[in-house]
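The values are calculated or read from the model by the stated rules, or taken from the named source; none is laboratory data. Everything numeric here is computed off the predicted structure, so don't read it as measured data. All Cβ positions, even for glycine, are placed from backbone atoms using ideal geometry, and neighbour counts span all protein chains on display.
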Amino acid sequence: EVEKDPEYKSPIVCVLGHVDTGKTKLLDKIRHTNVQTGEAGGITQQIGATMFPSEAINSLTRKLPNINVNILVPGLLIIDTPGHESFSNLRSRGSSLCDLAILVVDIMHGLEKQTLESLDILRKKNIPFIVALNKIDRMYQWKAMQDEAFMTTFKQQQEHTQEEFIRRAKEAVLAFAEQGLNAALYYENPDPEDYINLVPTSAITGEGIPDLLGMLVNISQGSLAHKIKYKPQLQATVMEVKVIEGHGTTIDVILANGVLKEDDKIVLAGFNGPIVTNIRALMTPMPLKEMRVKGEYLHHKKLYATMGAKISAQGLEESMAGSPLCVASNEDEIVDLCEEVQRD
Ligand code: GTP
Ligand code: MG
Ligand code: NA
């Protein structure tokens, strides 16, 4: 286990967008998992979290022609959210701690109702984002090159297929303009400060995923460099409350800064007043595994940000998702923290 404060932490990247645009499938493609096919009706109904270690990202970004992505961050913690209209509270909660977001748009459908709702959240919270223009494999007679960088595969498409893509990308640019936003395909973006980057992707073929990951890393280490510096002050939020066989009621927590330890006295909001308890087990899924999926958990004595962690403890039954999670270092702090967590 790591014993000293890390210099950099993994940025937290939230995935938002209209239902069925391919948010979960994109993550499945990078993880080599099939989470989406296990979802009831193929619909995401919870907030997910997956740690993508930099080695996994590096093996994909190496595909980018003429671009060298030098990865300093330990990885990316990616938060999956539901796109179905009834889950706007989860979209809001899922984006609450994120440094950066991916707004997924189905290139065949353009901007849809929850795309606009997601845009609204991102603008209100001032979260920088890039757009994955997903499902490019649906262009007529698209010839897939598995996991390739976009330009590599685009160049070998037939002219009419390229034209269809360009036409649909232009429609997306126009739709963003109608929302008062400048957008451009990322490889022809005249000014990334001013124009949203559109990154063409396919979650089925993996095309464009190297571009998407490369861009997330570059933005994190560039304009967001101040956000990836590790800070010792604890910052954590309860994302989900779940009963897990063998562990009772557990909470899924996003640890954005600071450290959590086994036996820490935690304070969080509950439906019948604040909850004060001690961490019994501090767990994470394996890297590249989704927190939502039942599987093997790694147990930790100590966890540094950034991480998606599962905590088991006594008395979590009435935990309120969305609550901040605090740690009391002495008895005197408990009263103040109890007030703090119940505030909203
Ligand atoms: P919610 O979480 O329910 O909002 O949906 P989502 O955005 O996570 O989309 P999901 O991953 O569930 O994918 C929805 C459907 O689109 C599934 O049938 C996928 O197989 C399909 N799909 C996703 N990405 C692509 C893509 O790039 N190309 C094609 N052809 N189909 C895709
Ligand atoms: Mg999903
Ligand atoms: Na879906």
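Considering only residues that are β-branched (Val, Ile, Thr) and surrounded by fewer than 21 Cβ atoms within 10 Å (Cβ to Cβ), which ones fall in segment 2-38?
Val2, Val19, Thr33, Val35, Thr37
Within segment 114-138, the set of residues being more than 16 Å from ligand 2 (Cβ to nearest atom), among the basic types (Lys, Arg) and touching a residue at least 12 places away in the same chain (Cβ under 8 Å) comprises Lys125, Arg138. Only one of the listed residues (Asn272, Asn278) is among the polar types (S, T, N, Q), in contact (Cβ under 8 Å) with a residue 24 or more places away in the chain, touching a Lys or Arg at 6+ places or on another chain (Cβ under 9 Å) and loosely packed, with under 15 Cβ neighbours inside 10 Å. That residue is Asn278.
The set of residues from segment 83-112 being assigned to a strand (DSSP E or B) and more than 17 Å from Ile43 (Cβ to Cβ) comprises Leu100, Ala101, Ile102, Leu103, Val105. If you filter segment 11-37 down to residues that are free of Cβ contacts under 8 Å to residues at least 60 places away in the same chain and farther than 15 Å from Met51 by Cα, you find that the one that is nearest to ligand 1 (Cβ to nearest atom) is Gln36. For segment 4-38, the set of residues classified as under 19 Å from Lys113 (Cα atoms), hydroxyl-bearing (Ser, Thr, Tyr) and not in a helix (DSSP H, G or I) consists of Thr21 only. Counting the residues of segment 6-30 that are closer than 30 Å to Gly258 by Cα and within 16 Å of ligand 3 (Cβ to nearest atom) gives 8. Strands (runs of 3 or more DSSP E) fully within segment 235-344 that include at least 1 residues being under 24 Å from the mean Cα position of the chain (by Cα): 235-244, 248-257, 259-261, 265-268, 281-285, 297-300, 302-304, 307-312, 326-328.
For Ala49, the conditions (1) touching a residue at least 40 places away in the same chain (Cβ under 8 Å); (2) near ligand 3 (Cβ under 10 Å from one of its atoms) are fulfilled apart from (2).
The set of residues from segment 83-99 being of a type in the set (A, V, I, L, M, F, W, C) and either surrounded by 23 or more Cβ atoms within 10 Å (Cβ to Cβ) or within 12 Å of ligand 1 (Cβ to nearest atom) (or both) comprises Phe87, Leu90, Cys98.
Just one of the numbered conditions (1) at pLDDT 95 or above; (2) away from ligand 3 (no atom under 11 Å from the Cβ); (3) among the hydroxyl-bearing types (Ser, Thr, Tyr) is not true of Ser59: (1).
Only residues that are within 16 Å of Val105 (Cβ to Cβ) and either touching a Ser or Thr at 6+ places or on another chain (Cβ under 8 Å) or in a loop (DSSP other than H, G, I, E, B) (or both) were counted across segment 208-225, and they come to 4. Pick out the one residue from Ile79, Ile12 that is within 13 Å of ligand 2 (Cβ to nearest atom) and either farther than 17 Å from Met239 by Cα or not acidic (Asp, Glu) (or both). Going through Ile79, Ile12 in turn, the sole match is Ile79. When segment 150-197 is examined, which residues are found to be free of Cβ contacts under 8 Å to residues at least 60 places away in the same chain and among the polar types (S, T, N, Q)? Result: Thr153, Gln156, Gln157, Gln158, Thr161, Gln162, Asn182, Asn189.
Screening the candidates Glu240, Glu333 for the property of being surrounded by 14 or more Cβ atoms within 10 Å (Cβ to Cβ), under 27 Å from Tyr8 (Cβ atoms) and of a type in the set (D, E, K, R) yields one hit, Glu240.
The set of residues in segment 39-82 being outside any loop (DSSP other than H, G, I, E, B), within 16 Å of ligand 1 (Cβ to nearest atom) and surrounded by 14 or more Cβ atoms within 10 Å (Cβ to Cβ) consists of Gly48, Ala49, Thr50, Leu60, Ile78, Ile79, Asp80. Might you check whether a residue that is within 12 Å of ligand 3 (Cβ to nearest atom) and either at pLDDT 95 or above or among the small types (Gly, Ala, Ser) (or both) occurs anywhere in segment 65-80? Yes, because at least one residue in segment 65-80 is within 12 Å of ligand 3 (Cβ to nearest atom) and either at pLDDT 95 or above or among the small types (Gly, Ala, Ser) (or both). Would it be correct to say that Ala305 is of a type in the set (A, V, I, L, M, F, W, C) and buried (at least 18 other Cβ atoms within 10 Å of the Cβ)? Here the answer is yes, as Ala305 does meet what is asked.
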